[in-house]
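Note sheet for the following structure.
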Amino acid sequence: MEGFYAGKRMDYIDKTSKKSSDLSLLAQCNGTEIMINTIKQDKLFHVDPSDNNCVMEFFYLLDGSVEYEDNEDRKVLNKGDYFYVFKITQSVFFKVLDEVTLLYVSNQPVYKSLKDEMCELTEIVNKVEKKDKFTFNHSERVREYSRKIAEKLCINGERLENLVYAAAFHDVGKIYIPDEILNKPGRLTEEEMVYIKRHPIDGSRMIHETFLKYTNKIIEQHHERLNGSGYPYGLKGDEIMLEAKIIAVADSYDAMTSNRPYRQGINSSLAIKELINMKGTHYDEVVVDLLIKILKEDYNVL
Ligand SMILES: [Fe+2]
Ligand SMILES: [Fe+2]
């Protein structure tokens with residue numbers, strides 16, 4: 001790209017999109033890249049340290065607002081504000097408060113690896129959606145409930161991001177369950193249950209080779225229950241990660257209240273009663289109480 005170049009609003013060299021964000025590469029030269037990144041409300045993103053000591057990444061908020069944590073303080077950046085990173089040693093995590101459009105400048109090439117990451121994610125999402133529309137919508141709701149519970153527990157930064165990804169992909173392993181079993185009305189036989197009980201481990205394996213690998217333990221444990229009655233390992237109490245306990249409650253509530261082709265979901269108050277009955281034996285008490293609070297406050301349930 002030599003000489004003068006003017007681009008129109010929709011011009012870009014390359015663009016990659018997933019449901020919650022778009023990244024367009026507008027210009028590149030000698031390793032420097034200029035991009036526009038749009039990210040939807042409530043989504044999380046992060047800027048990571050680089051192995052390359054020369055990388056400087058600069059972000060200017062063209063629109064929207066984001067929140068980040070600075071020494072336990074929450075700070076907000078609005079339209080017209082900016083930030084940049086150079087030789088950081090820890091990732092910085094952001095939450096989008098209002099859909100944000102960032103002008104993103106990097107003095108080293110980053111677009112390709114960001115694009116690969118986004119494609120990897122889209123590929124997994126498409127696989128799940130193709131297999132089972134229910135599982136896909138269910139996972140979206142479980143992600144929202146889990147995020148809200150985690151925020152009330154002051155889980156943030158990398159831990160929150162991993163939890164949100166794990167919640168979104170907790171059932172990816174179900175793509176290996178035959179449709180007849182997945183959609184079977186009524187009780188499953190013992191052999192059929194073997195397939196069902198494998199999905200947390202299959203899911204964990206599927207994401208192991210991707211950038212989501214840090215979520216694998218959470219995915220593996222989302223059907224474990226406090227008293228050891230869960231699967232695949234029958235873990236008890238503190239052996240189960242808090243993140244998995246959060247997803248377990250969100251997942252069970254959504255599974256109970258959703259309609260499947262072969263059965264009607266139960267109403268919210270019955271599902272809440274069920275969760276309360278199993279507090280302390282199957283589900284973490286604090287997590288159940290928080291979900292009930294969220295359902296009342298944000299979903300007008302009860
Ligand atoms: Fe599951
Ligand atoms: Fe699930």
*Tell me, what is the percent relative contact order of the stretch 211-290, built from C-alpha pairs under 8 Å that lie six or more residues apart?*
26
*Cut-off under 5 Å, modelled amide H: who pairs with Arg260 long-range*: Gly265
*Provide the gained length on full extension for the span Asp73 to Asp51, in nm with one decimal, where the gain is 0.36 nm per separating residue minus the Cα-Cα distance.*
5.2 nm
*asked:* Largest first and in whole Å, what are the equivalent-ellipsoid semi-axes of the chain based on the Cα gyration tensor, each being the root of 5 times an eigenvalue?
replied: 39, 21, 18
*With Cβ to Cβ distances under 14 Å as the rule, what net charge do the other residues near Lys112 carry (K, R +1; D, E -1)?*
-3
*asked:* Give me a comma-separated list of calculated 3J(HN,Hα) values for the stretch 88-104, in order, Karplus coefficients 6.51, -1.76, 1.60 applied at θ = phi - 60°, integers in Hz, x for any Gly or Pro.
replied: 6, 9, 10, 5, 10, 10, 10, 10, 7, 7, 10, 2, 10, 10, 10, 7, 10
*Taking K and R as +1 and D and E as -1, what net charge do the other residues with C-beta under 12 Å from the C-beta of Asp132 add up to?*
+3
*Using the alpha-carbon atoms, what tilt in degrees (0 to 90, nearest 10) does helix 242-257 show relative to the longest principal axis of the chain?*
60
*For Ser17 and Lys279 in the same chain, what is the full-extension length gain: residue separation times 0.36 nm, less their Cα-Cα distance, in nm?*
90.2 nm
*Using a/c under 1.5 as the rounded threshold, could you call the stretch 14-113 rounded, prolate or oblate? The axes a ≥ b ≥ c are square roots of the C-alpha gyration tensor eigenvalues, and prolate needs a/b larger than b/c, oblate otherwise.*
oblate
*How far is helix 133-152 tilted, in degrees, relative to the longest principal axis of the Cα atoms in the chain, given as a value from 0 to 90 rounded to the nearest 10?*
80
*Among Glu140, Glu57, Glu220, which comes first, then next, by fewest other beta-carbon atoms within 10 Å?*
Glu140, Glu57, Glu220
*For the chain, find the longest principal axis of its Cα atoms and tell me its angle to the long axis of helix 268-277, 0 to 90°, nearest 10.*
70
*Efficiency by 1/(1 + (r/R0)^6): what FRET value for Asn259 and Asp116, r their Cβ-Cβ distance, R0 = 41 Å, to the nearest 0.05?*
0.65
*Lys130/Lys197 FRET efficiency (R0 30 Å; Cβ-Cβ; nearest 0.05)*: 0.85
*In the structure displayed, which of Lys184/Lys273; Lys18/Lys148; Lys79/Lys152 lie more than 24 Å apart, Cα to Cα?*
Lys184/Lys273; Lys79/Lys152
*If you rank Asp51, Asp11 by fewest surrounding Cβ atoms within 10 Å, what's the result?*
Asp51, Asp11
_Karplus-derived HN-Hα couplings along the stretch 9-20 (A = 6.51, B = -1.76, C = 1.60, θ = phi - 60°), whole Hz, x at Gly and Pro_ = 2, 9, 7, 7, 6, 7, 9, 9, 9, 10, 3, 9
*Going by how many other beta carbons lie within 10 Å of each one, how would you line up Ser252, Ser17, Ser113, Ser258, fewest first?*
Ser113, Ser17, Ser258, Ser252
*Taking K and R as +1 and D and E as -1, what net charge do the other residues with C-beta under 10 Å from the C-beta of Asp63 add up to?*
-1
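Only the coordinates and a few stated rules stand behind these numbers; no lab work does. All figures in this text were calculated on a predicted structure; none of them were measured in a lab. Because the Cβ atoms are built from the backbone with ideal geometry, glycine has one as well, and the counts that use them run over all protein chains shown.
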